[in-house]
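Down below is the structure, laid out as structure tokens.
Derivation of every value follows stated rules applied to the coordinates shown; laboratory data play no part. Since the model is a prediction, treat every value here as computed from it, not as a measurement. FYI the Cβ positions are ideal-geometry reconstructions off the backbone, even for glycines, and counts take in every protein chain you see.
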């Protein structure tokens with residue numbers, strides 16, 4: 001049987017023997033917009049819970065537009081031209097529009113990578129585009145402390161703008177339920193102390209801090225309280241299918257328009273499955289998400305709901321940029337040195353997280369249920385030793401070995417990785 005996985009900018013084809021039964025798990029077929037530009041303009045004119053963009057623009061002297069960093073396949077080249085065109089038609093001057101890259105604690109996007117991210121040469125060359133730097137204390141305004149004790153620091157450039165707009169992609173997120181909306185602000189343009197406080201183990205080990213869950217999710221609740229401190233914010237969100245084509249676009253009040261996009265995406269990204277699998281083959285979502293091992297962890301967490309106890313997840317990831325940040329590497333080294341229990345004891349002892357250690361924490365969630373094997377060609381020997389998972393050099397062989405070890409030839413294949421979340425609906429699993 002044949003299937004394929006997203007891997008970097010291409011696909012890996014799986015050609016398995018006939019005795020292997022593949023249950024391929026994809027998004028449900030999504031209706032697509034017929035005219036992308038017209039759909040975006042229509043959303044901007046017909047907002048959810050707010051005035052239209054032309055009305056908002058009339059009273060705006062300055063505008064700050066947040067865009068996600070290079071780790072997300074947001075179609076900025078489609079979103080930014082009509083958005084900016086509409087702003088300027090209402091009298092907003094070019095020099096008063098700032099496009100701010102919401103990096104969170106990720107590295108900045110610069111040069112040709114920034115051009116790729118913006119997706120429009122005209123906008124890249126003619127408008128001011130800057131990166132957020134979460135570690136620069138002076139670049140943030142202090143907005144007090146939330147009810148959970150989280151200090152709220154937000155990029156001054158965003159806070160000071162008369163009109164604040166966030167753009168983003170609504171997709172399942174393994175901590176916050178769904179990406180987009182409020183997440184582009186926190187952690188997107190939040191100060192590092194803000195980010196570190198709501199990424200502690202006390203938050204992320206909560207049973208509702210998982211994919212596709214927003215009700216009762218402490219991370220989502222913290223984000224919404226932070227957003228409330230910022231004042232009126234408007235969101236332009238999109239949902240896309242497995243080929244990155246536009247399924248819906250919403251604009252308006254940051255909470256209401258985001259929830260509308262989430263409601264749309266749930267119908268396609270959440271797949272009900274009434275059984276578990278002893279072997280699951282998946283991807284890290286392909287480019288740009290699978291450029292680091294840090295982001296690859298999302299693909300490991302995504303299918304764990306349908307992983308049989310003691311089962312194996314086999315994941316393919318390009319990892320073209322290596323492991324990720326130095327801080328993430330340090331967290332992985334700590335895990336390797338101390339083991340799972342001691343690592344978690346250290347995290348629970350902290351009231352403030354260390355940068356990027358939460359991704360290592362998330363890695364342990366599927367490892368509590370089964371084992372993980374990873375196919376990649378980009379990591380060196382030292383890096384592979386730091387992954388805390390088993391490296392395989394032959395993807396087909398790894399699948400056949402797992403099938404033999406598990407004595408079960410029925411496998412699940414998830415080509416799109418973390419962009420699809422299988423939800424187990426069968427009887428309780430011991």
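Which distance in nm do the two modelled labels at residue 28 and residue 62 give, with both placed 7 Å along the Cα-to-Cβ direction?
In this crude label model, residue 28 to residue 62 measures out at 4.5 nm.
Over the chain, calculate the relative contact order: mean separation of alpha carbon pairs under 8 Å at least 6 apart, over the residue count, as a percent.
21
Taking Cα centroids, how far is region 261-287 from region 151-181 in Å?
24
From the C-alpha coordinates alone, can you work out the Kirkwood hydrodynamic radius of region 158-313, in Å?
Taking the inverse mean of 1/r over all distinct Cα pairs, region 158-313 comes out at 16.7 Å.
With an 8 Å Cα cut-off and a minimum separation of 6 or more residues, compute the relative contact order for region 1-147 in percent.
Result for region 1-147 is 19 percent.
Can you tell me which of 410-422, 349-361, 279-291, 27-39 comes out highest on packing, and rank the rest after it, using the mean Cβ neighbours within 10 Å?
279-291, 410-422, 349-361, 27-39
Out of every Cα-Cα pair in the chain, what percent are more than 32 Å apart?
35
Which shape class applies to region 339-390: rounded if a/c is under 1.5, otherwise prolate when a/b exceeds b/c and oblate if not, where a ≥ b ≥ c are the square roots of the Cα gyration tensor eigenvalues?
Note, shape of region 339-390 comes out prolate.
Treating each Cα of region 1-112 as an identical point scatterer and ignoring solvent, apply the Debye formula and state log10 I(q)/I(0) at q = 0.15, 0.20 Å⁻¹.
Computed log10 I(q)/I(0) values: -0.87, -1.18.
Contour minus end-to-end for residue 142 and residue 266, with contour as 0.36 nm per residue of separation and end-to-end as the Cα-Cα distance?
Net length gain for the segment: 41.1 nm.
With springs only between Cα atoms under 10 Å, which of 127, 277, 198 fluctuates most in a Gaussian network model of the chain?
Evaluated over the chain, the most mobile residue of the options is 127.
In square nanometres and to one decimal, what's the mean projected area of the convex hull around the Cα atoms of region 331-430?
Seen from a random direction, the Cα hull of region 331-430 projects 8.9 nm² on average.
Shape verdict for region 107-201, please, from the Cα gyration tensor: rounded (a/c under 1.5), prolate (a/b greater than b/c) or oblate.
The shape class here is prolate.
Return the percentage of antiparallel bridges among DSSP beta bridges fully within the chain, rounded to the nearest 5 %.
Close to 30 percent.
Give the whole-number value, in cubic angstrom per residue, of the convex hull volume spanned by the C-alpha atoms of region 36-268.
115
Highest mean first, how do 97-103, 203-209, 399-405 rank when packing is the count of other Cβ atoms within 10 Å averaged over residues?
Top to bottom by mean Cβ count within 10 Å: 97-103, 399-405, 203-209.
For region 165-246, count the residues as N, evaluate 2.2 N^0.38 Å, and divide the Cα radius of gyration by that value, please.
1.10
Take every DSSP beta bridge whose two residues both sit in region 36-268, then give the antiparallel share in percent to the nearest 5.
40
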